[in-house]
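The values are calculated or read from the model by the stated rules, or taken from the named source; none is laboratory data. Please read these numbers as outputs of a predicted model, since none were measured by experiment. Neighbour counts run over all protein chains shown; Cβ positions are idealised from the backbone, glycine included.
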Amino acid sequence: MNKLLKLAFSSALILSIGSTLASADVAKGQKLFTKKLKSSCDMTGAKMAAKHSQDEWEAINDSGKLADEIKIICPNVKKVKEKFLPHYFDFFYEYANDSGNVPSC
């Protein structure tokens, strides 16, 4: 019984850590925007995120066209890495024009 409890606890711990690491992050999206896109976009993160409402960002992301939208808004951006898109989406969604939030970048 003791081994079974230890196994269940360790499994739960591993799953909780793994799911946390796999999820997107607003702060990471903000850092990535500042590092990778800000100079190419020639605008702040607040202006970029305010280009659309939360519903619009969600529709763009759900249709799989987030990278295309970034390139439309920022024509100087050559390539957007696929692995960064969930973080960019979380950042844009959190600070969209109808969210009432303002990023610090």
Open item on the list: Would you confirm whether or not region 27-46 contains a residue that is modelled with pLDDT of 65 or more, among the hydroxyl-bearing types (Ser, Thr, Tyr) and more than 19 Å from the chain's Cα centre (by Cα)?
Closed with: no
Open item on the list: Please go through region 30-48 and give me each residue that is in a helix (DSSP H, G or I), among the aliphatic types (A, V, I, L, M) and within 18 Å of PRO75 (Cβ to Cβ), ordered by number.
Closed with: LEU37, MET48
Task: Entirely in region 50-94, the helices (runs of 4 or more DSSP H) that have 3 or more residues that are surrounded by fewer than 17 Cβ atoms within 10 Å (Cβ to Cβ) - done: 54-62, 66-73
Task: Among the residues listed as ASP62, ASP90, ASP68, ASP98, the single one being within 12 Å of the chain's Cα centre (by Cα) and acidic (Asp, Glu) - done: ASP90
Task: Residue list for region 60-101, filter: hydrophobic (A, V, I, L, M, F, W, C), in contact (Cβ under 8 Å) with a residue 12 or more places away in the chain and either farther than 20 Å from LYS28 by Cα or in contact with a Lys or Arg (Cβ under 6 Å, 6 or more places away or on another chain) (or both) - done: ILE73, VAL77
